[in-house]
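The structure under discussion appears below in the form of structure tokens.
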Amino acid sequence: MGTIFYSCTKEKEESNNTFKPSNKTIDFSIFGKIETVYNESENPKKETDTLPKEEPETGIEPDILDSIITSIEDSVPEILKSSGDCGYVGVFKKSTCKTYEEVVIYFDSEDHNNQNRIDGETGGSYKTGNNDIEMHFCLVPQDLFGNTGVDYGVLRWNPIACGTEFDGSCRMSIVRFLDCEDNNNITKIYEGGQLLVNQDNDQFHLTHADNKGNVRMEFAFFKEYCHNANFPDLGFEYGVLGTFTGTDNGHIYSDDEDNDNINYMRLRNFFGGNEQLISSVPGLIDGNGNGLNTNFYITWLP
């Protein structure tokens with residue numbers, strides 16, 4: 001499993017990449033130290049045709065044609081079968097997002113005595129020549145993901161949620177605020193190749209950079225004991241926060257700002273409320289013991 005370290009530097013290097021990018025009582029002790037804690041229409045069908053429909057000439061036996069069509073439909077990745085009405089989440093990019101939009105987060109890490117580190121397989125995310133951290137995500141429909149029998153997380157992007165399933169029992173949100181370099185900060189985020197404006201109150205993105213270049217990340221956290229789904233086949237390899245396989249994992253260590261560090265981590269219901277300050281969600285993300293830096297753990301699928 002790899003860990004990712006973030007750090008914010010003084011002399012910065014632009015990335016060489018071209019970006020084209022219900023109220024329930026919860027036992028928080030499992031997360032480590034708490035710091036504060038269509039029904040069919042009933043209208044009758046009208047018989048408008050009295051003659052049998054003429055099927056197009058294909059030269060293929062009907063049974064064989066049906067089999068081919070079914071095979072094609074079954075091979076379409078799940079992402080293409082979702083409307084995206086529930087918003088989008090980010091999965092770690094490994095080598096491609098295919099036709100899906102890419103998000104790039106460039107963290108301007110601590111300049112002094114920077115200790116950023118990359119271990120194992122981290123896909124498109126890496127440590128730059130200036131010792132900063134650059135993470136790459138693919139935006140995919142949120143409603144493709146459910147509880148799979150393991151603890152894992154995906155990056156929340158849009159402030160949209162469907163239904164009330166994220167009630168704090170089976171699914172929650174992890175909010176991690178990373179305090180980046182204070183001096184000459186060049187933290188930036190791209191969505192589909194477009195540079196986003198760093199702003200304190202971004203009403204369109206749950207994950208964003210503030211006007212000082214610090215980064216607020218939010219992850220949808222799916223708990224292991226509510227098993228009702230499988231991981232979707234997106235048509236390409238992707239990563240999620242977690243440590244539930246034994247090989248090909250990654251770790252990113254982010255060395256965050258040293259001076260007047262204001263890092264924090266919170267665990268909350270998907271719709272807000274019942275928020276608790278925490279130090280870690282074991283196997284997914286933690287504050288490296290003292291909370292001043294950040295470890296990210298990545299598992300690759302399928």
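The values are calculated or read from the model by the stated rules, or taken from the named source; none is laboratory data. Please read these numbers as outputs of a predicted model, since none were measured by experiment. Using ideal geometry, Cβ is built from the backbone for each residue, glycine included, and neighbour counts are taken over all protein chains shown.
Identify, from the list Val89, Val76, the residue that is at negative phi, modelled with pLDDT of 55 or more, surrounded by 10 or more Cβ atoms within 10 Å (Cβ to Cβ) and among the hydrophobic types (A, V, I, L, M, F, W, C). Answer to the selection: Val89. A count restricted to the stretch 257-278 and to residues that are buried (at least 18 other Cβ atoms within 10 Å of the Cβ) and over 29 Å from Ile160 (Cβ atoms) stands at 2.
Scanning the stretch 269-299 for residues that are at pLDDT below 95, closer than 27 Å to Glu237 by Cβ, in contact with a Gly (Cβ under 6 Å, 6 or more places away or on another chain) and not in a loop (DSSP other than H, G, I, E, B) turns up just one, Ser280. Restricting attention to the stretch 102-117, the residues being touching a Lys or Arg at 6+ places or on another chain (Cβ under 9 Å), under 16 Å from Asn261 (Cα atoms) and surrounded by fewer than 24 Cβ atoms within 10 Å (Cβ to Cβ) number 2.
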